[in-house]
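The values are calculated or read from the model by the stated rules, or taken from the named source; none is laboratory data. Nothing here was measured: the structure is a model prediction, and the numbers come from that model. Every residue, glycine as well, gets a Cβ built from its backbone with ideal geometry; the counts of neighbours run over all protein chains shown. All accessible areas refer to the heavy atoms of the entire protein, side chains included, with ligands and DNA or RNA removed. Shrake-Rupley method; radii C 1.70, N 1.55, O 1.52, S 1.80 Å.
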Amino acid sequence: MSKVTVVGAGKYGSTTVQRLAEADVIDEVVMIDIVDGLPQGLALDMNQSRPVLGYRTLVTGTNDYADTAGSDVVVITAGLPRKPGMSRMDLLGVNAKIVKTVTEEVVAYSPDCVIIVVTNPLDQMTTLAADVSGFPKERVIGQAGMLDSARLAHFISEKVDVDVLLVKAVTLGSHGPTMVPVPSLCEIDGKPMTEVLDAETIDELVDRTRGGGAEIVAFLKTGSAYYAPSAAAAAMVEAVITDSGAEMPVCAWMTGEYGIDGVYLGVLAKLGAGGVTGVTEVALTEEEAAGLLEAANAVKAKVADLEEIDF
Ligand code: APR
């Protein structure tokens, strides 16, 4: 009997639940939120789509952590988006309190689970969930790299007018300004991207990817992206639940890979039943390796901000 919990029944959380249910590889998906009735109503609606779409996974909507007991994987999406007038530290303070409380509840009921964090600011929230849970670091993972890589692949496919499924794109590092694109690993229809596109075009696509979330927010005006983000989170959950060993860019704990230690960073890693089953060290150009080191230092500096929060 496999069980996954998604904390937060907002846009990101509920779409992740829907994707997981429709994949039909999990027995039960629990959706929990603090808003009374929201997860219950969404769950009922989703369950009624089962006869139409032909899948069996049952979704349970709840406000009670007892219903999450014994989950194999827990995805944490709970948190607020940044509002006008709110500083970065204000947002950090609000979401850190939410993620801390949520993690304590999750761990009390599912002491053996794998936690996947998506709440922003991602690097800090992943670090916080790992610290609060006391779990071995491989059992706490953040989602960012899958999304950035998917965004870059989409932009490449549009630019060169090639089937999106023939594009391979890899981004490492952090989410946002210190995202590290890895052109040397990107391929277009089996050819190295660097042979198909000039440096200027690659830079343009990378810049658009770095600002990929903001571009969508500017269109939506309220709220942020959730279709591609939920696809990325669901892919991570499925790899853990099916113990597939699939390799993907995720925010994982570094233990000396690329000469980097003691920080959560976006790298290629294999995911399986225990969470991260191995970080893959790929050959990077000098510039890419320097970018990764810079991203690691930036995350370390951001994590230090957590100490200023009065929990
Ligand atoms: N426990 C459970 N749920 C909570 C809690 C809590 N302590 N606090 C807030 N929530 C819920 C809210 O009630 C809301 O339903 O989290 C949900 C957040 O949903 P949205 O506002 O729609 O935000 P969403 O777009 O889903 O993004 C969630 O993911 O990408 C990140 O930056 C984004 O941090 C944000 C998170």
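Details
- For K270, the criteria (1) of a type in the set (K, R); (2) more than 16 Å from the ligand (Cβ to nearest atom); (3) at pLDDT below 95 hold in every case but one, which is (3).
- Residues that are assigned to a loop (DSSP other than H, G, I, E, B) and open to solvent by 60 Å² or more (accessible area, probe 1.4 Å) within segment 259-279 comprise just one, A273.
- Within segment 99-120, tally of residues that are within 11 Å of the ligand (Cβ to nearest atom) and either over 19 Å from the mean Cα position of the chain (by Cα) or of a type in the set (D, E) (or both): 3
- Residue within segment 204-221 that is in a loop (DSSP other than H, G, I, E, B), within 16 Å of the ligand (Cβ to nearest atom), within 17 Å of the chain's Cα centre (by Cα) and closer than 22 Å to L122 by Cβ present: yes
- Subset tally (residues that are within 11 Å of the ligand (Cβ to nearest atom), touching a residue at least 12 places away in the same chain (Cβ under 8 Å) and charged (D, E, K, R)) for segment 83-98: 1
- Segment 184-199, residues that are part of a helix (DSSP H, G or I) and either farther than 20 Å from A289 by Cα or in contact (Cβ under 8 Å) with a residue 40 or more places away in the chain (or both): S184, L185, E195, V196
- Evaluation of M31 against (1) touching a Leu at 6+ places or on another chain (Cβ under 7 Å); (2) modelled with pLDDT under 95 (one fails), failing number: (2)
- Residue check, M146 touching a residue at least 24 places away in the same chain (Cβ under 8 Å) and open to solvent by 20 Å² or more (accessible area, probe 1.4 Å): yes
- Comparison of L42, L80 shows that the only residue that is part of a helix (DSSP H, G or I) and in contact with a helix residue (DSSP H, G or I) (Cβ under 9 Å, 6 or more places away or on another chain) is L42.
- Count - residues of segment 1-50 that are crowded, with 20+ Cβ neighbours inside 10 Å, away from the ligand (no atom under 13 Å from the Cβ), within 20 Å of I116 (Cα to Cα) and of a type in the set (G, A, S): 1
- Test: D123 is part of a helix (DSSP H, G or I), touching a His at 6+ places or on another chain (Cβ under 8 Å) and either under 17 Å from M1 (Cα atoms) or touching a residue at least 60 places away in the same chain (Cβ under 8 Å) (or both): yes
- Of the residues making up segment 84-99, just one is open to solvent by 60 Å² or more (accessible area, probe 1.4 Å) and either in contact with a helix residue (DSSP H, G or I) (Cβ under 8 Å, 6 or more places away or on another chain) or within 16 Å of T5 (Cα to Cα) (or both), namely M89.
- Within segment 221-278, the only residue that satisfies the criterion of being within 30 Å of P81 (Cβ to Cβ), among the hydroxyl-bearing types (S, T, Y) and free of Cβ contacts under 8 Å to residues at least 60 places away in the same chain is T222.
So that you can scan it fast, the table gives a plain yes or no per residue for (1) open to solvent by less than 40 Å² (accessible area, probe 1.4 Å); (2) over 29 Å from P136 (Cα atoms); (3) in the same structural domain as R151 (by TED's automatic domain parsing); (4) away from the ligand (no atom under 16 Å from the Cβ):
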position	(1), (2), (3), (4)
K191	no, yes, yes, yes
E195	no, yes, yes, yes
A199	no, yes, yes, yes
Y227	no, yes, yes, no
S230	yes, no, yes, no
E238	no, no, yes, yes
M248	yes, no, yes, yes
E257	yes, no, yes, yes
E286	no, yes, yes, yes
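- Of everything in segment 51-82 that is closer than 20 Å to G142 by Cα and away from the ligand (no atom under 13 Å from the Cβ), the residue that is most open to solvent (accessible area, probe 1.4 Å) is D72.
- Out of I156, I141, sole residue that is within 19 Å of the chain's Cα centre (by Cα) and open to solvent by less than 10 Å² (accessible area, probe 1.4 Å): I141
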